[in-house]
Amino acid sequence: MPRSFRWFLLSAAAATFFGALPAGKAIASPAPPLTSPATHRHLPGKFVLSQLVTPNLEASTRFYSGLFGWSIHRLGTPERPRAVAYNGREVVALLVEHTLSNPDQPPFWFPFLSSKDADTTTAQSAMLGARVHLDGRNLPALGREAIVVDPRGATFGVLTATAGDPADGDAVVGSWVWSALLSSDPEGAAKFYGSLFGYRIETLDEHHFLASSGEVARATFNVLPPRFPADAPARWVRFVRVLSVGATAEDAVKLGGHIVVPAHPDRDGVMIAIIADPAGAVFGIMELPTDLPQGEAK
């Protein structure tokens, strides 16, 4: 089970990763159904999608299609560029072109978590201390979304998919396989997300917590290094499954990205690395051993 991600927490470069979604800017991404055929089943707390906020959609399209083989289709208008990315037939990401108001803030990825009722979950998040960045609204075919900033500053989306969620199962190469939150208060984060999505929380140690639902591990909540200020905003980091972390990291560099944390062995023989795309958006890559127990990372 991928768990502590200490290699990432010790990276000095991590200081540049943290940032919040520009206040007051609504991101609309018309997209196809999340699943086809429809499942009409929602798995609260499942990470069902990711969204990239980038200043250059064309460059991001070239990078991610070249790195992961994603098929990326443009949506929207020239004035509001956006795209949807597929890994095979699976919808894996929304990409939105947006110039961030703070020039020191890098582009970033954030996850969407499933909810049976996006409006109710969003209201509950506010009662738990979060800030609602974008109130619930309908996206044709995709579902009802909202965007929330948690009490420590991490951005995440809430989605009630019209067609339902994909079934739990082993992530295929090119799809998201793991999610980790970095926070100055991982225990508080575990309580917040646990209350919001009904997670079962396991304490790995005083600084690391594991969230599970439906007998599936969903994410870890991890502490920031002590050198970071106590008010440093939190941030979600998601990992894409690859066949070879080393080879994929090399490919990322060839495509204009850079390696933030080199390939590194984690628990259970898992190999991991942290990459920044050409614009600076950070994500992880993960190589799983063939004998990894089923149901460990979704």
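Between S71 and A141, the contour length at 0.36 nm per residue exceeds the Cα-Cα span by 23.3 nm. With a Förster radius of 41 Å applied to the C-beta separation of T99 and A230, the computed FRET efficiency comes to 0.85. Per residue of the chain, the DSSP helices (runs of n ≥ 4 H) give a summed -39500 (n - 2.57) that works out to -4500 deg cm²/dmol at 222 nm. Each residue in H133, H42, H264 was given a count of other beta-carbon atoms within 10 angstrom of its own, and listing them fewest first yields H264, H42, H133.
With contacts taken as Cα pairs under 8 Å and at least 6 residues apart, the chain reaches a relative contact order of 22 percent. Checking every one of the GluC sites (Glu not before Pro) in the range 172-249 against DSSP loop status and a limit of 11 other Cβ atoms within 10 Å picks out E206, E215. Under 15 Å from a label point set 7 Å out along the Cα-to-Cβ vector of E206, the amide N atoms of the range 168-191 belong to 185-188. Phi angles of the range 247-261 translate, via the Karplus equation with coefficients 6.51, -1.76, 1.60 and θ = phi - 60°, into HN-Hα couplings of 5, 5, 4, 4, 4, 4, 5, 4, 8, x, x, 9, 8, 8, 10 Hz per residue; Gly and Pro are given as x.
Computed from label points 7 Å out along Cα-Cβ, the spacing between S36 and V132 is 3.2 nm. The ranking of T39, T203, T290, T220 from fewest to most other beta carbons within 10 Å of each one's beta carbon is T290, T203, T39, T220.
Checking every one of the trypsin sites (Lys or Arg not before Pro) in the range 36-81 against DSSP loop status and a limit of 15 other Cβ atoms within 10 Å picks out R41.
Would you please classify the overall shape of the range 115-247 from the alpha carbon gyration tensor, given that a ≥ b ≥ c denote the square roots of the eigenvalues, rounded means a/c under 1.5, and beyond that prolate means a/b larger than b/c while oblate covers the rest? In terms of gyration-tensor shape, oblate. Ignoring aspartates and glutamates fewer than eight residues from K116 along the same chain, the ones with Cα atoms less than 20 angstrom from its Cα are D135, E145, D150, D165, D168, E215. Give me the distance between the Cα centres of the range 237-278 and the range 124-166, rounded to whole Å. Between the Cα centres of the range 237-278 and the range 124-166 lies a distance of 28 Å.
Values quoted throughout were computed directly from the atomic coordinates according to the rules given, and no laboratory measurement underlies them. Given the structure is predicted, the values throughout are model-derived calculations rather than measurements. Quick reminder, even Gly has a Cβ in these numbers, built from the backbone with ideal geometry, and neighbours come from all protein chains shown.
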